[in-house]
Amino acid sequence: MRNGTIPTLASFLSALTVLAGCAGVPASDPRDPWENWNRPVQTFNDRVDDYLMKPVARGYRWITPDFVDTGISNFFSNIADIRVFINDALQGKFQQAGMDAARFLVNTTAGIAGWFDPASNIDLPKHHEDFDQTLGYWGVPTGPYLVLPLLGPSSPRGVVGLIGDTAANPISYTGLFTESAVLSKAISGGLGGLNAADLRADNLETEKIASEAAVDRYGFFRGAYFSQRNYLVNDGNVTDDDILHLDETEEKLSPVNPY
C-alpha cells in the first residue's frame, strides 16, 4: 500500500464532518456552472468504477502480497518524482528541487529502481507537485468544476495540467525503445493499467467512508477537489476553514478523489 497515502480514520472523518455538513442540502455552486454535464458524467464514472475498477482493485489486492504492493507503489511514486522535480523548478522552489532530484537518484540506485524508499529514511521526504499546481502558482485561475469521463474531478486548468504531467511521465515514452507499435502500446498500457489498479486498491477504504458519510456524494467530492487544489497550490498556507482536516503530509490528500 502506498506509503503515506491513506490518512488515519479519525482525521479523515474530521474532513467528512466538515464537507458532508456543507453538502447536506444540494445547492447550486457558482464554481460549478456545468453541473448538468458533471453529474451525469460522475454517474457514468461511478458505474465504470463499480463494474470494472473496484473488482480489479479488489482482485489486485487479493493476489498481491503486501511487500509486492508496497514495491509497486514505491516504483510509480519514484517515477512521479521526475514530474515533481520539474514542477519544483518551474515554481522556483530550487532547494526542494534539489532534494527531490537527490531523492530520485537515491531511490533509483540504492532503492533498486524505486522498489524501496531509502530516501525517506535520510531526510528526503516525498513532495507532491504537478503542473496544475505550477499554473496556479503563477496565477492561472482554476476555472469551473469539470468532471472528466473516466478521470473524475478536474477543471480547465486541471486539464492543461494533466497534459503537462503526461508529457513529464517517462511511462508515456516507454514505447519509443521498441520497434513494434503493438509492443509499444502494450508496454505503456500495461504500466498505466498497473498504476491505475494500484492507486485504486490503495483508495478503496477511504472512498467507501466518504461515499457512505456524504449526503450528496457529488457535492462532497466537488468541495473536496477545490479544497485539495487550494491547499496544494498554496503549500498549505490557507485558513483553517479552507482545508480538509487531514494529516499534514501532502501525499495524504489523495483520498479526496472518488476513484
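Multiplying the residue separation of residue 123 and residue 212 by 0.36 nm and subtracting their alpha-carbon distance yields 28.3 nm. For residue 138, neighbours were defined as the other residues whose beta-carbon sits under 15 Å from its Cβ, and their charges (Lys and Arg +1, Asp and Glu -1) total -2. Label zone (residue 183, point 7 Å along Cα-to-C-beta; backbone nitrogen cut-off 12 Å) within the range 85-122: none.
As a calculated quantity, the FRET efficiency between residue 94 and residue 194 at R0 = 35 Å, using C-beta atoms, amounts to about 0.60.
A short reminder: the numbers here are calculations on the coordinates, not readings from a lab. The model shown is predicted, which means the values in this text are computed figures rather than measured ones. So basically every Cβ, Gly included, is an ideal-geometry build from the backbone, and we count neighbours across all protein chains shown.
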